[in-house]
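Right, one structure below, let's go through it.
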């Protein structure tokens, strides 16, 4: 374990263990809510508790089928496994977060980056479950695949409680700031809007337009041509060798942090490195990368060629080659999709 990992481990232990009496967890108001008059803060707290419950007695927004005991178990798993990094409120500001890069995810916006749906749309529940099982390679998020299935299912539903709560809090803060009041009749409409967007996620799921072709050097070479070509222009952000040493300003991500292009030669794909994972990123987009579904609508198989080229150069460092200069068509044919030669 690296020294930095030991430091994170020590902070997590200090935050969740020891002999001190455990304090009752409390949700923290967002900075937007804290900026409001005390009376409005109280009203928002009351509405959030009414619809989303408390850390010890959470409620599922708009889904009565999720039982109280199941959610309470999820909250317990979250406090033990997740809160030290993601915070009790799910704001990404737990006691261990300050030593992490990248920072833990803030769930309150209702935005998740690596999904099987189009970029900017809500994820499927199975996306969150898959991410928790696998972790995020190259970050401090470990895989939790060894946890009992009951723990995984429960903690996913509790994360949904946190993200729904954050979305509702944001809408209430906006109304309070603009109207100087909270109309209780509007709250139900906010709840229906939030739940409706999450239920619509299935209609935004990405399905490949064509079957994946064989992973061979012909496919990799076509992917290289697309990667360095004008239509995709991948090289403008990822550089021609895939190392993403471009210094151009890519703006901010949805959490207000500097957006950066991925170094695809590092093999550190936070959202997974399978062919399906990479296809979803290329087809659907991922902040700040746009979707390439429309540019390649007339040649959908090119998306798979891009996947194969990315898989090839992801191992460039280990093979000690410069991906942009490799004569890939002269190399021995790979034996399986995603396998390094």
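Coordinate-derived values only; no laboratory data. Values in this document were obtained by computation on a predicted structure and should not be read as measured data. Neighbour counts run over all protein chains shown; Cβ positions are idealised from the backbone, glycine included.
Evaluate the chain: find the radius of gyration of its Cα atoms, find its Kirkwood radius, and give the ratio Rg to Rh.
Working: Rg = 22.2 Å, Rh = 22.0 Å.
Using only Cα positions, Rg/Rh for the chain is 1.01.
Between 251, 271, 242, which gets the highest mean-square fluctuation from a Gaussian network model of the chain, Cα cutoff 10 Å?
Among 251, 271, 242, the largest mean-square fluctuation in the Gaussian network model of the chain belongs to 251.
7 Å from Cα along Cα→Cβ at both residue 293 and residue 211: what's the point-to-point distance in nm?
2.3
Hey, with R₀ at 35 Å, roughly what FRET efficiency would residue 41 and residue 202 work out to, going by the Cβ-Cβ distance, to 0.05? Before the final figure, lay out each step's value.
Values: r = 36 Å, r/R0 = 1.03.
Computed FRET efficiency for residue 41 and residue 202 comes out at 0.45.
In whole angstrom, and with the biggest value first, how far do the Cα coordinates of region 217-330 range along each principal axis?
Sorted largest first, the three principal extents are 44, 34, 26 Å.
Quick one: work out Rg over Rh on the C-alpha atoms of region 193-260, Rh as Kirkwood radius.
1.12
With everything on Cα atoms, drop me the angle between helix 217-227 and the longest principal axis of the chain, reported from 0 to 90° to the nearest 10.
60
Just the Cα atoms of region 3-204, one point each, no solvent: what log10 I(q)/I(0) does Debye give at q = 0.14 Å⁻¹?
-0.85
To the nearest 10 degrees, how steeply does helix 68-81 sit against the main Cα axis of the chain, on a 0 to 90 scale?
60
Between residue 98 and residue 192, what length in nm is gained on full extension when 0.36 nm per residue of separation is reduced by their alpha carbon distance?
Using 0.36 nm per residue and subtracting the Cα-Cα distance, I get 30.3 nm.
To test your reading of the geometry: what angle, between 0 and 90 degrees and rounded to tens, separates the Cα axis of helix 184-199 from the longest principal axis of the chain?
30
How far, in nm, would the chain grow between residue 34 and residue 54 when pulled straight, counting 0.36 nm per residue and subtracting the alpha carbon separation?
Going from the current span to full extension adds 5.4 nm.
Mind ordering 31-39, 297-305 by average Cβ neighbours within 10 Å, highest first?
Top of the packing list down: 297-305, 31-39.
Any idea what the relative contact order of the chain is, in percent, if you count C-alpha pairs under 8 Å spaced at least 6 apart?
The value is 17 percent.
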